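Notes follow once the structure below has been shown.
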Amino acid sequence: MKILHLETSSRNCSVAISDGDKLLCLCEEVSDNYKQSESLHLFVQWALEGAKLTLKDIDAISLGKGPGSYTGLRIGSSSAKGFCYGLNIPLIAVNSLETMVEPFLNQGYDLIIPLIDARRMEVYSAVFDGFSGELLADTEAKILDENSFAEFQGKKIIFVGDGAAKAQDILQNIEADFNAEVFPSAKFLVKKAANKFENQEFEDVAYFEPFYLKEFQGVKKKKSEE
């Protein structure tokens, strides 16, 4: 079971290859300039070389489906679907917030709350049990204020992700740890993707869309004056 994993939902352009639940190779880079368009296929090539495989050896594509950067998700989704069509292999999709939880399981936290930076005071968030990894509160787009997550006061909490930086400034009424140096990574798709592969939990490639959570909000151009 050799799977190619793509994670492009954040500033971390990340590619991994696994055999079962064993990580064979990882190529990733965090960049403020969102380099997915120029780096993704190069990283795929490097990862294949590092794992001593070719695309013909790959049994499935695994994708971090979002939420996150609209452009990043479009690039990752288009590439994943292209590989699936070209190789006639299945597509597996995993919520990108779930990939941020694994490193902090069983570290003494009651709750792990990933926060992906969105616009202004908004973040994409979900709440996970710190021991089992069970999802306790669904993924949502949340505007932060001083009372956000107040219902979890008294729990030992860690906020992780690039949204944790602004959360630390705003959440003055809650005691918690904050780690803003965490990004969704293809290496943390491995176990979930392997499980989904074994259970045949595949996406419909033709109709699959990333988990945008919100509609794309572009900059409106001003009409020129006549």
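The values are calculated or read from the model by the stated rules, or taken from the named source; none is laboratory data. None of the values given here were measured: they were computed from a predicted structure. We place every Cβ from the backbone using ideal geometry, glycine too, and count neighbours over all the protein chains shown. For accessibility, only protein heavy atoms count, side chains too; no ligands or nucleic acids. Shrake-Rupley method; radii C 1.70, N 1.55, O 1.52, S 1.80 Å.
Taking label positions 7 Å along the Cα-Cβ direction at both Gln153 and Asn195, the computed distance is 3.4 nm, reported to one decimal.
Within straight-line reach of Lys192, meaning a Cα separation under 17 Å, sit the following aspartates and glutamates at least 8 residues removed in sequence or on another chain: Glu7, Asp19, Asp21, Asp59, Glu98, Glu102, Asp129, Glu134, Glu201, Glu203. In segment 1-71, the C-alpha radius of gyration followed by the widest Cα-Cα span (Dmax) gives 11.8, 34 angstrom. Taking each DSSP H run with n ≥ 4 as -39500 (n - 2.57) and averaging over every residue of the chain yields -7000 deg cm²/dmol at 222 nm. Computed over protein heavy atoms with a 1.4 angstrom probe, the accessible surface ordering of Lys196, Lys166, largest first, is Lys196, Lys166. Dividing the convex hull volume of the alpha carbon atoms of segment 100-179 by its residue count gives 77 Å³ per residue.
Sorted largest first by accessible area at a 1.4 angstrom probe radius, with every protein chain in place, the residues Glu102, Glu181 fall in the order Glu181, Glu102. Take the Cα of Gln107, step 7 Å toward its Cβ, do the same at Phe208, and the gap between the two points is 2.9 nm. Using only alpha carbons, build the gyration tensor for segment 8-115 and give me the equivalent ellipsoid semi-axes, biggest first, whole Å. After scaling each eigenvalue by five and taking roots: 23, 17, 14 Å. Note on Asp177: accessible area approximately 70 square angstrom, rounded to 10, probe 1.4 Å, nucleic acids and ligands left out.
Approximating the spin labels as points 7 Å out from Cα along Cα→Cβ, the Ala141-to-Trp46 distance works out to 3.3 nm. DSSP bridge analysis restricted to the chain gives an antiparallel fraction near 65%, rounded to the nearest 5. With a Förster radius of 35 Å applied to the C-beta separation of Ala165 and Asp57, the computed FRET efficiency comes to 0.30. Computed from the C-beta positions of Glu181 and Ser132, the FRET efficiency with R₀ = 35 Å rounds to 0.90.
Taking 22 Å as the cut-off for C-alpha to C-alpha distance, list the pairs among Lys166/Lys191; Lys35/Lys81; Lys22/Lys52; Lys65/Lys166; Lys142/Lys196; Lys65/Lys191 that go past it.
Working: Lys166/Lys191 30 Å; Lys35/Lys81 19 Å; Lys22/Lys52 14 Å; Lys65/Lys166 24 Å; Lys142/Lys196 29 Å; Lys65/Lys191 16 Å.
In this structure, Lys166/Lys191; Lys65/Lys166; Lys142/Lys196 exceed 22 Å between Cα atoms.
The residues Leu136, Leu42, sorted by heavy-atom accessible surface at 1.4 Å with ligands and nucleic acids left out, run Leu136, Leu42 from largest to smallest.
Dividing the alpha-carbon Rg of the chain by 2.2 N^0.38 Å yields what?
On the way: Rg = 18.1 Å, N = 226, 2.2 N^0.38 = 17.3 Å.
Expressed relative to 2.2 N^0.38 Å, the Cα Rg reads 1.05.
For Cys25, the amide hydrogen comes within under 5 Å of the amide hydrogens of Ile17, counting only partners 5 or more places away or on other chains and with H modelled in the peptide plane. Estimated at the nearest 10 Å², the accessible area of Arg74 is 90 Å² with a 1.4 Å probe.
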